[in-house]
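Asker: Before I ask anything, here is the structure I am working with.
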Amino acid sequence: QVQLVESGGGLVQPGGSLELSCAVTESIDSLDAMGWYRRAPRKQRLLVARRTSSGVTLYGDFVKGRFTLSRDNAKNMVYLQMNSLQPEDTAVYYCYVQRRGSDYWGQGTQVTVSS
């Protein structure tokens, strides 16, 4: 059972930046995929960024170069650097990994973009 713990959410002004962190209880070298999704109020869950074991990283269309997915293999951490945040980025952000065909999710961290 893989466990994920997110941190780094909060309130930020439009145009600001946040970095989300996700601590993974398994070696991220063993993962088939890792990334972040988000769910805004009354909306569907959307892909934010996802990296497969082959090294390909996909971003949601709305990202438009503002966010960067990264990882620290030694620390088993997954990060999401978010820049130029806008009110429409307000959502709960979920860390996600896939291992041996099973999906695992964190509890979510709230990101609110507001002046």
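Asker: Of all residues in the stretch 54-64, how many are open to solvent by less than 40 Å² (accessible area, probe 1.4 Å) and within 20 Å of residue 13 (Cβ to Cβ)?
Answerer: Residues in the stretch 54-64 being open to solvent by less than 40 Å² (accessible area, probe 1.4 Å) and within 20 Å of residue 13 (Cβ to Cβ): 1 in total.
Asker: Sticking with this one: Looking only at the stretch 1-31, which residues are in contact with a Phe, Trp or Tyr (Cβ under 8 Å, 6 or more places away or on another chain), touching a residue at least 60 places away in the same chain (Cβ under 8 Å) and either hydrophobic (A, V, I, L, M, F, W, C) or closer than 15 Å to residue 72 by Cα (or both)?
Answerer: 2, 4, 6, 19, 20, 22
Asker: Tell me which residues, restricted to the stretch 65-100, are of a type in the set (Lys, Arg) and open to solvent by 50 Å² or more (accessible area, probe 1.4 Å).
Answerer: Answer for the stretch 65-100, where residues must be of a type in the set (Lys, Arg) and open to solvent by 50 Å² or more (accessible area, probe 1.4 Å): 71, 75, 100.
Asker: Does residue 112 satisfy the criteria of being touching a residue at least 60 places away in the same chain (Cβ under 8 Å) and open to solvent by 40 Å² or more (accessible area, probe 1.4 Å)?
Answerer: Spelling it out, residue 112 is indeed touching a residue at least 60 places away in the same chain (Cβ under 8 Å) and open to solvent by 40 Å² or more (accessible area, probe 1.4 Å).
Asker: Which of the residues that make up the stretch 35-45 are loosely packed, with under 14 Cβ neighbours inside 10 Å and of a type outside the set (D, E, K, R)?
Answerer: Of everything in the stretch 35-45, those that are loosely packed, with under 14 Cβ neighbours inside 10 Å and of a type outside the set (D, E, K, R) turn out to be 41, 44.
Asker: Tell me which strands (runs of 3 or more DSSP E) are completely within the stretch 65-109 and hold 1 or more residues being aliphatic (A, V, I, L, M) and within 11 Å of the chain's Cα centre (by Cα), or say none if there are none.
Answerer: Ranges flagged: 67-72, 77-82, 91-99.
Asker: Turning to a different aspect of this structure: Which numbered condition in (1) open to solvent by less than 80 Å² (accessible area, probe 1.4 Å); (2) in a strand (DSSP E or B) is the only one that residue 19 fails?
Answerer: (1)
Asker: Also: Pairs, please: C-beta under 7 Å, at least 6 apart or cross-chain, first residue over 23 Å from residue 16 (Cβ atoms) and in the stretch 70-85, second small (Gly, Ala, Ser)?
Answerer: Short answer, once both residue conditions are applied: 76/23; 76/27.
Asker: Report yes if some residue within the stretch 2-11 is over 16 Å from the mean Cα position of the chain (by Cα) and open to solvent by 40 Å² or more (accessible area, probe 1.4 Å); otherwise report no.
Answerer: Among the residues of the stretch 2-11, at least one is over 16 Å from the mean Cα position of the chain (by Cα) and open to solvent by 40 Å² or more (accessible area, probe 1.4 Å), which makes the answer yes.
Asker: One residue is enough: does the stretch 38-47 have a residue meeting the conditions more than 13 Å from the chain's Cα centre (by Cα) and under 18 Å from residue 11 (Cβ atoms)?
Answerer: Yes, the conditions are met somewhere in the stretch 38-47.
The values are calculated or read from the model by the stated rules, or taken from the named source; none is laboratory data. As the structure is a computational prediction, the values presented were derived from the model and not from experiment. Neighbour counts are summed over all protein chains in view; Cβ atoms, including those assigned to glycine, are modelled from backbone coordinates with ideal geometry. Remember, those area values only see protein heavy atoms, side chains included, never the ligands or the DNA or RNA. Shrake-Rupley method; radii C 1.70, N 1.55, O 1.52, S 1.80 Å.
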